[in-house]
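The values are calculated or read from the model by the stated rules, or taken from the named source; none is laboratory data. Every value quoted in this text rests on a predicted model; they were computed, and no experiment measured them. All Cβ positions, glycine included, derive from the backbone under ideal geometry; neighbour counts span all protein chains shown.
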Amino acid sequence: MVTQVEFTIKAYSIKEMYIFYNVTYKTFIAWLKRVDDLGNYTGKKYTPAQVQKIVDHLGYP
């Protein structure tokens with residue numbers, strides 16, 4: 001049985017994000033290069049504001 005996890009806007013690591021989008025790390029990084037004004041990935045997680053920009057560009061996972 002597969003459990004569906006609901007996606008909410010909050011801080012996420014790169015790994016959490018590419019798992020939500022069900023793509024590989026390499027694919028996700030390629031997608032992020034097209035997101036304008038994303039800023040740097042500092043620390044261990046994207047900020048909620050950065051996650052919102054990603055979702056605005058890619059859509060909800």
Taking segment 36-61 and keeping residues surrounded by 13 or more Cβ atoms within 10 Å (Cβ to Cβ), out of contact with any Lys or Arg (no Cβ under 6 Å at 6 or more places or on another chain) and assigned to a loop (DSSP other than H, G, I, E, B) leaves Tyr41, Lys45, Thr47, Pro61
Go through segment 1-35 residue by residue and tally those that are among the small types (Gly, Ala, Ser) and either without any contact (Cβ under 8 Å) to a residue 40 or more places away in the chain or exposed (fewer than 11 other Cβ atoms within 10 Å of the Cβ) (or both). 2
Can you name every residue in segment 1-39 that is of a type in the set (S, T, N, Q) and at pLDDT 85 or above? Thr8, Ser13, Asn22, Thr24, Thr27
